[in-house]
Amino acid sequence: MSMIDFTTGLNNLAIETPSWAYGNSGTRFKVFTQHGVPRDPFEKITDAAQVHAFTGAAPTVALHIPWDRVSDFAALATHATDQGVKLGAINANVFQDDDYMLGSVTNPDPRVRRKAIDHLLECVDIMDVTGSRDLKLWFSDGTNYPGQDDIRARQDRLSEALAEVYDRLGDGQRILLEYKLFEPAFYTMDVPDWGTSFLHCIALGPKATVCVDTGHHAPGTNIEFIVAMLLRAGRLGAFDFNSRFYADDDLMVGAADPFQLFRIMHEVVRGGGLDPATGVAFMLDQCHNIEPKIQGQIRSVMNAQEATAKALLVDADALKAAQSAGDVLGANAVLMDAYNTDVRPLLASWREERGLAADPMAAYKASGYFDKIVAERVGGTQAGWGA
Ligand code: PSV
Ligand code: MN
Ligand code: MN
């Protein structure tokens, strides 16, 4: 069993934070506005840079188009670099336009499909300017009622659209195809599960990989099994990390079920996913509806680091020996020993060795940044959700 060493593994864990986590958000019942939230994409990047400054582990920021549309993406990229971060994945958005009521790229109307594909192509144009590697595609497309549309024809339309976008990708660019079990469609989603995403990725070619959003499965789904399968097939492109108690709750990763996050990270370590050459992007896809946003992101990065540190502590040789000997309880104990280790002192040392504060949350709170943005910013924008 090849395993990466503890420090290299932690050094390689780069968490991408989402621009939309910094804006106001809520549920479909109410958006709660907070003080000091960014007024434009530039200020979102500035906030994201704080998360990186205090954790040393969040070097990139994902954009969502059109939520983050600016007139000059090169200027946004320069601003990011000036702040000490880089622009990351471009998330397409074909789910907030009246035209998409019956679907975007799978809509029965060719005019609507054209409009949706054109948006996806425009996102690749933006990637060319921002230097982003990844185009993240999530489709809200689906149906609510049996018979509403032809399930197979929708798959044909989807694969046509994906092929056109795939052909437009430049060198070093990838498609991340995200799946979701339900919502907003309730009978069928056109990309409901990893199998559907995987099939489309295989048909497209090596530059298409699956994005696993941890909130997008049926309750009880064994997500680490999916992770193992995709890594084994070389098609795990990214995570959208968040946690959930019920459905797509978008709560802080590691908040609802830290043990599940550990099991996922164990499979990531086991499958070589912390080796940058494997190409797994670790992104957060969360909304902080009631908690302070920058702190919510810092806590999420710390939670991901803790789960990863525990996974890196698994004694691979002892585990293999116990597994080979058929020692069921012994093998389980190896995993549980790692999970039950308090890794916070180890992470504090890791940070101090890099000139960071041992406790990023306390250091951020003491920095005065929050008071500064509250004073400076009036009338922050909405993340895009929960309008
Ligand atoms: C859809 O639920 C999703 O997970 C997709 O990744 C969207 O782009 C994102 O949420 C927006 O928050
Ligand atoms: Mn997502
Ligand atoms: Mn989601």
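Laid out as a table, the results:
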item	result
Full-extension gain in nm, E376 to E183, via 0.36 nm per residue minus C-alpha separation	65.7 nm
Set of aspartates and glutamates with alpha-carbon distance to K30 below 20 Å, sequence-local pairs under 8 removed	E183, D248, D249, D250, D285, E291
Of every Cα-Cα pair in the range 1-68, the percent that sits beyond 15 Å	61 percent
Estimated distance in nm for a label pair at R114 and V129, the labels positioned 7 Å out from Cα along Cα-to-Cβ	2.4 nm
Relative packing of 85-96, 322-333, 196-207, 70-81, which averages over residues the other C-beta atoms within 10 Å, highest first	85-96, 196-207, 70-81, 322-333
The range 214-264 and the range 25-104: distance between their alpha carbon centers, rounded to Å	23 Å
Net lengthening on full extension, I202/D5 (0.36 nm per residue, minus Cα-Cα)	67.8 nm
Stretchable slack from F245 to S324, in nm (0.36 nm times residue separation minus alpha-carbon distance)	24.9 nm
Inter-label distance, nm, simple model (7 Å from Cα along the C-beta direction), T81/R354	2.2 nm
DSSP-defined antiparallel bridges as percent of all bridges, the chain, nearest 5	15 percent
Inter-label distance, nm, simple model (7 Å from Cα along the C-beta direction), D156/F95	2.7 nm
Per-pair calculated FRET efficiency, R0 = 30 Å: T278 and E164 via Cβ, rounded to 0.05	0.65
The range 6-376 - charge dipole about Cα centre, Lys and Arg +1 at Cβ, Asp and Glu -1, debye rounded to 20	240 debye
The range 216-295: chymotrypsin sites (Phe, Trp or Tyr not before Pro) in DSSP loop, at most 11 other beta carbons within 10 Å	F245, Y246
Using distinct alpha-carbon pairs, which all enter the 1/r mean, Kirkwood radius of the range 214-304 in Å	13.4 Å
When each of K44/K180; K293/K365; K207/K310; K293/K372 is checked by Cα-Cα distance, pairs over 20 Å	K44/K180; K207/K310
Cut-off 20 Å (backbone N to label point 7 Å along Cα→Cβ of R28), residues of the range 80-105	93-104
Whichever aspartates and glutamates have a C-alpha closer than 15 Å to that of K320, once near sequence neighbours (fewer than 8 apart) are set aside	E267, D337
For q = 0.08, 0.09, 0.15 Å⁻¹, Debye-computed log10 I/I(0) when each Cα of the chain counts as one equal scatterer	-0.41, -0.52, -1.43
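Any read-out appearing in this document is the output of simple, stated calculations on the displayed coordinates, not a laboratory observation. Since we're looking at a predicted model, the values are computed, not measured. As a convention, Cβ positions derive from the backbone with ideal geometry for all residues, glycine included, and neighbour counts pool all protein chains shown.
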